[in-house]
Amino acid sequence: MKKVLITGANGLLGQKLAGLLLARQDVEVLATSRGQNKLADILPTLPFQSLDVTDKQQVDEVVAAFRPTHIIHTAAMTNVDECESDREGALRLNRDAVQYLVTACEKYQVRLVHVSTDFIFDGENGPYTEEATAKPVNFYGETKLQAEQIVQQAHCKWAILRTVLVYGVAHDYGRTNIVLWVRDSLQAGRVIKVVNDQFRTPTLAEDLAQGCWLAVEHDAEGIFNISGKELLTPYDMALQVADFFALDKSLIDKADAGTFSQAAKRPPRTGFDISKAETQLGYRPHTFQEGIRMVAQQASV
């Protein structure tokens, strides 16, 4: 029996993970997040505990009480521009919290599955394998790289799962995703500018949750790329969304990244080679078309 503690359970990935693991007979799960449980009305039987991962003592107490076999760490400050403006907050959540979790994992012999990002790379020669050299171009990427370095030096069993541009539908959650943003904009007849010079392998949140579970199931160790397979620009994605919903593609304008004033620089071409995860974990992501269909179904409920 695996005992899995999830951090960041209120976030998009955390929600998908909580639902996935709660449904399994061979897993005992504890969902944790800062603040109230956002999943109480849709997953009423989900064991939940409030946890601020930036509080070292709280982390130790919760891990000591639950005694998980695995922690899946999804909590992070992921707003790239916010990380640039609130560097102290970004370091606290993206780096220091990881050190507290590592310390607890070492103390109680827990395996750590840590979720990381393609933004540790400069985007000059993606898609990347697990062995590629990290070189962040923004502060978010810097904090996530520092977290990876902490994990890699840990005296506990660990796996790092790197992912790219996660999209999906979250319950009771403010932020939208590219699929619904494009659909809603075009349905309203709005012209949208979409970047055509950044390349990603977009990842369906359900696929990333599945990748996290596979890492737990296999007691995986080391670094794994967990993303979609298709290398697309946001403009390519927007066209696919328009096609799926039979909306007017002429409302979608190509734009280069320089058009937008953003606090943080973005790497131009990331994306991942996921063959290691496919071979060693049996990871099989959905296509972007299948992802659009799932998002559409969930958003209509």
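Test each condition in (1) touching a strand residue (DSSP E or B) at 6+ places or on another chain (Cβ under 8 Å); (2) part of a helix (DSSP H, G or I); (3) under 30 Å from Ala257 (Cβ atoms) for Asn125 and report the one that comes out false.
Of the numbered conditions (1) touching a strand residue (DSSP E or B) at 6+ places or on another chain (Cβ under 8 Å); (2) part of a helix (DSSP H, G or I); (3) under 30 Å from Ala257 (Cβ atoms), the odd one out for Asn125 is (2).
Suppose we filter region 127-164 for residues that are aliphatic (A, V, I, L, M) and open to solvent by 10 Å² or more (accessible area, probe 1.4 Å); how many remain?
6
So which of Asp207, Asp172, Asp219, Asp256 is of a type in the set (Asp, Glu), surrounded by 22 or more Cβ atoms within 10 Å (Cβ to Cβ) and touching a residue at least 60 places away in the same chain (Cβ under 8 Å)? Working first, answer last.
On the way: Asp172 fails: surrounded by 22 or more Cβ atoms within 10 Å (Cβ to Cβ); Asp219 fails: surrounded by 22 or more Cβ atoms within 10 Å (Cβ to Cβ); Asp256 fails: surrounded by 22 or more Cβ atoms within 10 Å (Cβ to Cβ).
Being of a type in the set (Asp, Glu), surrounded by 22 or more Cβ atoms within 10 Å (Cβ to Cβ) and touching a residue at least 60 places away in the same chain (Cβ under 8 Å) holds for just one of Asp207, Asp172, Asp219, Asp256, which is Asp207.
Does Thr78 meet the test of being open to solvent by 50 Å² or more (accessible area, probe 1.4 Å), touching a strand residue (DSSP E or B) at 6+ places or on another chain (Cβ under 9 Å) and under 17 Å from Ser116 (Cα atoms)?
It is true that Thr78 is open to solvent by 50 Å² or more (accessible area, probe 1.4 Å), touching a strand residue (DSSP E or B) at 6+ places or on another chain (Cβ under 9 Å) and under 17 Å from Ser116 (Cα atoms).
Given the conditions (1) outside any loop (DSSP other than H, G, I, E, B); (2) in contact (Cβ under 8 Å) with a residue 24 or more places away in the chain, which single one is not true for Glu88?
Just one mismatch for Glu88, condition (2).
Residues in region 6-19: is at least one surrounded by 16 or more Cβ atoms within 10 Å (Cβ to Cβ), more than 20 Å from Leu214 (Cα to Cα) and either in contact with a Cys (Cβ under 9 Å, 6 or more places away or on another chain) or touching a residue at least 12 places away in the same chain (Cβ under 8 Å) (or both)?
Looking through region 6-19, at least one residue is surrounded by 16 or more Cβ atoms within 10 Å (Cβ to Cβ), more than 20 Å from Leu214 (Cα to Cα) and either in contact with a Cys (Cβ under 9 Å, 6 or more places away or on another chain) or touching a residue at least 12 places away in the same chain (Cβ under 8 Å) (or both).
Condition first: open to solvent by 50 Å² or more (accessible area, probe 1.4 Å), modelled with pLDDT of 95 or more and not in a strand (DSSP E or B). Can you find one or more residues in region 290-301 that meet it?
In the first step, residues of region 290-301 are kept if they are open to solvent by 50 Å² or more (accessible area, probe 1.4 Å); the result is 290, 293, 297-298, 300-301.
Filter once more, so that each one left must be modelled with pLDDT of 95 or more: 290, 293.
Next, only the ones that are not in a strand (DSSP E or B) stay: 290, 293.
Yes, because at least one residue in region 290-301 is open to solvent by 50 Å² or more (accessible area, probe 1.4 Å), modelled with pLDDT of 95 or more and not in a strand (DSSP E or B).
Here is a check on your reading of the model: is Ser250 of a type in the set (S, T, N, Q), open to solvent by 60 Å² or more (accessible area, probe 1.4 Å) and not in a helix (DSSP H, G or I)?
no
Answer with yes or no whether Thr129 is farther than 25 Å from Ala90 by Cα, among the polar types (S, T, N, Q) and within 21 Å of the chain's Cα centre (by Cα). Walk me through it before giving the result.
Values: farther than 25 Å from Ala90 by Cα: yes; among the polar types (S, T, N, Q): yes; within 21 Å of the chain's Cα centre (by Cα): yes.
Answer is yes for this residue.
Would you call Asn196 polar (S, T, N, Q), within 23 Å of Gln15 (Cα to Cα) and either open to solvent by 30 Å² or more (accessible area, probe 1.4 Å) or modelled with pLDDT under 95 (or both)? Spell out the reasoning first.
On the way: polar (S, T, N, Q): yes; within 23 Å of Gln15 (Cα to Cα): no; either open to solvent by 30 Å² or more (accessible area, probe 1.4 Å) or modelled with pLDDT under 95 (or both): yes.
Taking the combined requirement at face value, the residue does not satisfy it.
Restricting to region 24-57, count the residues that are part of a loop (DSSP other than H, G, I, E, B), open to solvent by less than 70 Å² (accessible area, probe 1.4 Å) and not aliphatic (A, V, I, L, M). Reasoning before the result, please.
The initial filter retains those residues of region 24-57 that are part of a loop (DSSP other than H, G, I, E, B), namely 24-26, 34-47, 51-55.
Subsequent filtering for residues that are open to solvent by less than 70 Å² (accessible area, probe 1.4 Å) retains 26, 35, 37-40, 43, 46-47, 51-55.
With not aliphatic (A, V, I, L, M) added as a condition, the list becomes 26, 35, 37-38, 47, 52, 54-55.
So the answer is 8.
Taking region 228-246 as the region of interest, how many residues are in contact with a Ser or Thr (Cβ under 9 Å, 6 or more places away or on another chain), in contact (Cβ under 8 Å) with a residue 60 or more places away in the chain and open to solvent by 40 Å² or more (accessible area, probe 1.4 Å)?
The number of residues fulfilling the criteria is 1.
Since Gln99 meets every condition but one in (1) part of a strand (DSSP E or B); (2) over 17 Å from Val164 (Cβ atoms), which condition does it not meet?
Going through the list (1) part of a strand (DSSP E or B); (2) over 17 Å from Val164 (Cβ atoms), Gln99 breaks only (1).
State which residue is nearest to Glu230 (Cα to Cα) when the search covers only region 87-116 and only residues that are open to solvent by less than 10 Å² (accessible area, probe 1.4 Å) and polar (S, T, N, Q).
At the first step, the residues of region 87-116 found to be open to solvent by less than 10 Å² (accessible area, probe 1.4 Å) are 89-90, 94, 97-98, 101-102, 104-105, 110, 112-114, 116.
Among the residues that remain, those that are also polar (S, T, N, Q) are: 94, 116.
Values: Asn94: 28, Ser116: 19 Å.
Filtering first and then ranking leaves Ser116.
List every residue pair whose Cβ atoms lie under 8 Å apart, where the two residues are 6 or more positions apart in sequence or sit on different chains, the first residue falls within region 282-301 and is free of Cβ contacts under 8 Å to residues at least 24 places away in the same chain, and the second residue, located anywhere, is open to solvent by 40 Å² or more (accessible area, probe 1.4 Å) and of a type in the set (Gly, Ala, Ser).
Short answer, once both residue conditions are applied: none.
Identify the single condition in (1) within 22 Å of the chain's Cα centre (by Cα); (2) open to solvent by less than 30 Å² (accessible area, probe 1.4 Å) that Gln280 does not satisfy, given that it satisfies every other one.
With (1) within 22 Å of the chain's Cα centre (by Cα); (2) open to solvent by less than 30 Å² (accessible area, probe 1.4 Å) applied to Gln280, the lone miss is (2).
The values are calculated or read from the model by the stated rules, or taken from the named source; none is laboratory data. The structure displayed is predicted, hence computed values, not measured ones. We place every Cβ from the backbone using ideal geometry, glycine too, and count neighbours over all the protein chains shown. Accessible surface areas use protein heavy atoms only, side chains included; no ligands, DNA or RNA. Shrake-Rupley method; radii C 1.70, N 1.55, O 1.52, S 1.80 Å.
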